[in-house]
Amino acid sequence: LAKQTSPNGLRFYEPAVQAELEARTELEQDLRLAIDRQEFILVYQSQVDSLGRAIGAEALIRWEHPRRGFVSPGSFIPLAEETGLIVPIGNWVLEAACEQLVIWANDENTQHLTLAVNVSAKQFQQPDFVDNVCDVLTKSSAPAHRLKLELTESTMIGKIDDIIARMLQLKALGISFSLDDFGTGYSSLQYLKRLPLDQIKIDQSFVRNLHKDMDDKAIVKTIIAMGRSLGLQVIAEGVENQEHWHYLKEQQCHAFQGYYFCKPVSATEMVQRSLAPPPIHRLIRGS
Ligand code: C2E
Ligand code: MG
Ligand code: MG
Ligand code: MG
């Protein structure tokens, strides 16, 4: 922060910093109203198997601000976490995702699709988190065994036994768990060993340069091998080109997500695209 110190030792902020603080306060106020104003939507990004067939999707939130236009989750999720607004927002996401799951479950073309939902550390740590998820599942009658919760390594800070207990309660309902952004956080291999996870998601920072960076190749290869030996499903995110996909398949990564297959789009578009036969060249490559 651009701080200055006056002769008497008092600090004051530069006008630019002041303006930034005001903008932040305004954004926070808008965020408080966004749920009631129905400004959030979910978009869906498909997750595919080694033949490029859709096996599921990840739900990603979007905020359509009345004046600012589209605000990316990267700039409002951290603010929502700091202010606690992530709790009602996260609940809205769960409700909307479960509604989508019900729609998919009622159509034989889509009933196999799983849906992954991002859960913030703060949301997961709420005392009534498990009860809330139960409520949402009951009210929506969504198939819990198609719902996957994505946690990040920041969720693992805290009492590990409590976290495990909570995960087990949700797993008993049929819900599965993925560890998002794997490799970027603080969690030790001890945690990986103890947590009742179903999937790890290789962070896109390791995938991005896979076609040219030998270190990333080594890391990705090792994560896949480790995940597989631990009996976990391994998914890679940020798959952007054919080289990424080929290398990941060669290393026997289970599932793939990225712009190479599909960008995050509306549920309708995602389904239309994943049910369309894959292009011939992809079929040949995937075989
Ligand atoms: P994430 O969960 O790791 O999601 C992956 C992000 O990578 C998404 O960004 C997605 O659009 C983007 N992405 C997917 N494929 C590619 C690719 O091939 N290349 C590149 N460069 N990017 C790709 P998005 O939608 O902007 O979301 C950013 C982050 O915001 C998410 O990271 C997640 O941490 C958070 N987020 C999004 N939706 C929610 C939500 O509903 N709840 C919570 N708590 N967090 C959310
Ligand atoms: Mg995610
Ligand atoms: Mg991620
Ligand atoms: Mg992320």
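Figures for the structure shown
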{"item": "Filter on Lys148/Lys212; Lys122/Lys148; Lys148/Lys263 - keep pairs with C-alpha separation over 23 Å", "result": "Lys148/Lys212"}
{"item": "Distance (nanometres) between label positions extended 7 Å along Cα→Cβ at Asp161 and Glu99", "result": "4.1 nm"}
{"item": "Inter-part distance where segment 168-202 and segment 66-114 are each reduced to a Cα centre, Å", "result": "20 Å"}
{"item": "Residues with amide H under 5 Å from that of Glu39, placed H, sequence gap 5 or more", "result": "none"}
{"item": "Anisotropy class of segment 64-189 from Cα gyration tensor, a/c 1.5 cut", "result": "oblate"}
{"item": "Interchain or long-range residues, amide H under 5 Å from Ile55's placed H", "result": "Gln47, Val48, Asp49"}
{"item": "Linear extension gain, Asn209 paired with Glu240, 0.36 nm per residue minus alpha-carbon span", "result": "10.2 nm"}
{"item": "Prolate/oblate/rounded call for segment 196-263, Cα gyration tensor, a/c under 1.5 rounded", "result": "oblate"}
{"item": "Candidates per trypsin sites (Lys or Arg not before Pro) in segment 159-200, loop by DSSP, up to 12 other Cβ within 10 Å", "result": "Lys159"}
{"item": "Relative contact order [Cα under 8 Å, 6+ residues apart], segment 18-155, whole percent", "result": "22 percent"}
{"item": "Percent antiparallel among DSSP beta bridges (both partners in the chain, rounded to 5)", "result": "45 percent"}
{"item": "Kirkwood-Stokes translational diffusion coefficient of segment 1-150, alpha-carbon pairs, 10 °C, 1.306 mPa s, µm²/s", "result": "90 µm²/s"}
{"item": "Sequence of Asp49, Asp180 once ranked by neighbouring C-beta atoms within 10 Å, starting from the fewest", "result": "Asp49, Asp180"}
{"item": "Calculated FRET value between Leu51 and Thr83, using beta carbons and R₀ = 35 Å, to 0.05", "result": "0.20"}
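Laboratory data are not the source of any read-out in this text; all were calculated from the coordinates shown. Keep in mind it's a predicted model, so treat the numbers as computed, not measured. Here the Cβ is made from the backbone with ideal geometry for all residues, glycine too, and neighbour counts use every protein chain on show.
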